[in-house]
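The values are calculated or read from the model by the stated rules, or taken from the named source; none is laboratory data. Predicted model only: the values in this text are computed from it and were never measured. Don't worry about glycine lacking a Cβ; one is built from the backbone with ideal geometry, like all the others, and counts go over all protein chains shown. All accessible areas refer to the heavy atoms of the entire protein, side chains included, with ligands and DNA or RNA removed. Shrake-Rupley method; radii C 1.70, N 1.55, O 1.52, S 1.80 Å.
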Amino acid sequence: MKVLLTGASGFVGRALQDELRHGGGAYDVHLLGRADGDLAEDGVAEAAVAETRPDVVVHAAARIGVVRCDEAPELALGSNVLATTLVARAAGRHGARLVYLSTSDVYGSAVEAD
């Protein structure tokens, strides 16, 4: 199975690529990291998916951290909303399944307020 992994240079992406590559050759993993372009820019996701023709796109790229996102909301929207939309559209156009990863930040704190 051919997998395109976005966010390959991040913490989750690095761990996932290691795991997928230890599967005895079951996965042909193609990495897409920061150096490969900004997924929020038109055409970057489309080109990556068109070139690799994956069966599955695992989308792990994101701007992380609530504080960092609050400090630069435009970057957060670009990285976390627009990029995800463009990746999902590219995957759909090329018949690839999409797996979307996120972190605990989207759920908020497990501690209840008084």
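Annotations
- Rolling a 1.4 Å probe over the protein heavy atoms of the chain, with every protein chain left in place, gives an accessible area that is 54 percent carbon and sulfur.
- GNM top mover of ALA62, ALA91, ALA76 - the chain, alpha-carbon springs below 10 Å: ALA76
- Taking Cα centre as origin and charging only the Cβ of basic (Lys, Arg, +1) and acidic (Asp, Glu, -1) residues, the dipole magnitude of the chain rounds to 480 debye.
- Entry comment: accessible area of the chain is 65 Å² per residue, from protein heavy atoms only and a probe of 1.4 Å.
- With at most 12 neighbouring Cβ atoms within 10 Å, loop GluC sites (Glu not before Pro) (DSSP) excluded, longest segment of the chain: 42-111
- Where only DSSP H runs of four or more residues are counted, the chain gives -10000 deg cm²/dmol as its mean residue ellipticity at 222 nm, each run worth -39500 (n - 2.57).
- Whole-number percent relative contact order across the chain, with pairs defined as alpha carbons under 8 Å at least 6 apart: 30 percent
- Computed over every Cα-Cα pair of the chain and binned at 5 Å starting from 0, the pair-distance distribution P(r) comes out as 2, 12, 21, 23, 18, 11, 7, 3, 2, 1, 0 percent.
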